[in-house]
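Enquirer: This is the structure, below, for whatever I ask next.
Bear in mind these aren't lab numbers, they're just calculated from the coordinates by the rules spelled out. Please read these numbers as outputs of a predicted model, since none were measured by experiment. Methodologically, a virtual Cβ is constructed for each residue, glycine included, from the backbone with ideal geometry; neighbour enumeration extends over all protein chains shown.
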């Protein structure tokens with residue numbers, strides 16, 4: 001099974017969408033193996049968004065991500081990064097399909113509710129940043145009916 005990193009951003013937390021988002025991930029069949037609710041420290045925000053540090057939008061993104069608590073998660077399942085990105089929808093909520101998290105709850109790209117790693121490689125890097133001590137290992141009882 002693959003793992004991916006998911007973060008419910010401050011706007012998702014403030015709007016009370018945490019339960020809905022977790023429910024969507026779990027109803028799809030993804031297994032939650034790590035979660036932590038916190039305000040992100042500056043050093044970790046800079047590491048997480050390292051590829052954007054020199055971009056003109058980064059100061060505003062950083063201020064926004066640090067403006068309130070986030071829910072950090074690791075979910076597990078076959079092709080987890082791809083599955084979560086599909087559930088999440090396009091980065092720009094205006095382009096996100098109805099039924100996706102961003103399509104249902106987002107209006108602006110700068111307040112798009114959720115972050116999801118875009119590849120298994122990004123997921124591994126982001127999990128290492130936010131969950132360096134690892135995740136919880138367990139078997140879900142419905143795994144035999146989810147996977148061939």
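Enquirer: Hey, any hits in the stretch 48-55 for a residue that's in contact with a helix residue (DSSP H, G or I) (Cβ under 6 Å, 6 or more places away or on another chain), surrounded by 12 or more Cβ atoms within 10 Å (Cβ to Cβ) and not in a strand (DSSP E or B)? Step through it out loud before you land on a result.
Expert: To start, the set of residues in the stretch 48-55 that are in contact with a helix residue (DSSP H, G or I) (Cβ under 6 Å, 6 or more places away or on another chain) comprises 48, 52.
Subset that is surrounded by 12 or more Cβ atoms within 10 Å (Cβ to Cβ): 48, 52.
Okay, now just the ones that are also not in a strand (DSSP E or B), so 48, 52.
Yes, because at least one residue in the stretch 48-55 is in contact with a helix residue (DSSP H, G or I) (Cβ under 6 Å, 6 or more places away or on another chain), surrounded by 12 or more Cβ atoms within 10 Å (Cβ to Cβ) and not in a strand (DSSP E or B).
Enquirer: Only residues that are surrounded by 15 or more Cβ atoms within 10 Å (Cβ to Cβ), more than 11 Å from the chain's Cα centre (by Cα) and under 18 Å from residue 86 (Cβ atoms): list them for the stretch 1-11, please.
Expert: Taking the stretch 1-11 first, the residues surrounded by 15 or more Cβ atoms within 10 Å (Cβ to Cβ) are 2-11.
Still in the running and more than 11 Å from the chain's Cα centre (by Cα): 2-3, 10-11.
Within the stretch 1-11, 2, 3 qualify.
Enquirer: Which one of these does residue 37 not meet: (1) surrounded by 14 or more Cβ atoms within 10 Å (Cβ to Cβ); (2) under 15 Å from residue 6 (Cα atoms)?
Expert: (1)
Enquirer: Let me ask you something else. Right, residue 96: touching a strand residue (DSSP E or B) at 6+ places or on another chain (Cβ under 7 Å) and over 14 Å from residue 11 (Cα atoms) or not? Break it down stepwise before answering.
Expert: Working: touching a strand residue (DSSP E or B) at 6+ places or on another chain (Cβ under 7 Å): no; over 14 Å from residue 11 (Cα atoms): yes.
Against the criterion (touching a strand residue (DSSP E or B) at 6+ places or on another chain (Cβ under 7 Å) and over 14 Å from residue 11 (Cα atoms)), residue 96 does not qualify.
Enquirer: Quick one: what pairs do we get from the stretch 40-63, first residue on the phi > 0 side of the Ramachandran plot, second in a loop (DSSP other than H, G, I, E, B) and surrounded by 13 or more Cβ atoms within 10 Å (Cβ to Cβ), C-beta under 6 Å, 6+ apart or different chains?
Expert: Nothing qualifies.
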